[in-house]
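Presented below is the structure to which this report refers.
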Amino acid sequence: MPAQKSRYVQIQAAIELSPNSLRAWQNHAEQLIVCERFAEAATAARHALELDPLSLTATVMLGMSFHYARQSEEPIEHCHKALQMDSNFYPAHLIMGMAYQQKGTLF
């Protein structure tokens, strides 16, 4: 966990240095997911989407936060939104597949 804590501190510093950095907020959301802080991760991903509503990564990160929080519809909804913007964006396919599997409707 020390490496995760160090990364978390670095991301927090990046946000303080540049509060409008899309990448910093996306990384913050990802790190919060790793730390199993899913509600906070969703908030960080939403903030990233406020900075760039067309960000595929932030859209999927929001879906990922819902997936790991064991919610079934939200990840599918957000991944579908990302795939409407770019049908080849593989992270959206991956998280959507995981969400369908978790929901029990993959096959």
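Just so it is clear, none of the values below were taken in a lab; they were calculated from the coordinates. All figures in this text were calculated on a predicted structure; none of them were measured in a lab. A quick note on method: Cβ atoms are made from the backbone with ideal geometry, for glycine too, and the neighbour counts reach across all protein chains shown.
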Here the gain from full extension of H80 to T105, 0.36 nm per residue of separation minus their alpha-carbon distance, amounts to 7.4 nm
Once phi is turned into ³J(HN,Hα) by the Karplus curve 6.51 cos²θ - 1.76 cosθ + 1.60 with θ = phi - 60°, what whole-Hz value does each residue of region 14-25 show in order, with x for glycine and proline? 5, 5, 5, 6, 9, x, 9, 7, 4, 4, 4, 5
Ranked by how many other beta carbons lie within 10 Å on average, peptides 60-70, 46-56 from highest: 60-70, 46-56
How large is ³J(HN,Hα), in whole Hz, for each residue of region 33-50 in order, when computed from phi with the Karplus curve 6.51 cos²θ - 1.76 cosθ + 1.60 and θ = phi - 60°, using x for Gly and Pro? 5, 4, 7, 6, 10, 5, 5, 5, 5, 4, 5, 5, 5, 4, 5, 4, 5, 5
Computed ³J(HN,Hα) along region 60-67: with the Karplus parameters 6.51/-1.76/1.60, θ = phi - 60°, integer Hz and x for glycine or proline, the list is 6, 4, 5, x, 5, 5, 5, 4
Regarding region 50-107, what whole-number volume in Å³ per residue does the convex hull of its Cα atoms give? 68 Å³
Shape category assigned to the chain from the gyration tensor of Cα positions, a/c cut at 1.5: oblate
Hey, what number do you get for the chain at 222 nm if only DSSP H runs of n ≥ 4 count, each worth -39500 (n - 2.57), divided across all residues, to the nearest 500? -25000 deg cm²/dmol
Quick check on the exposure proxy: order C35, C79 from fewest to most C-beta atoms within 10 angstrom. C35, C79
Taking the Cα centre of the chain as origin and charging only Cβ (+1 Lys, Arg; -1 Asp, Glu), how large is the dipole, in debye to the nearest 20? 240 debye
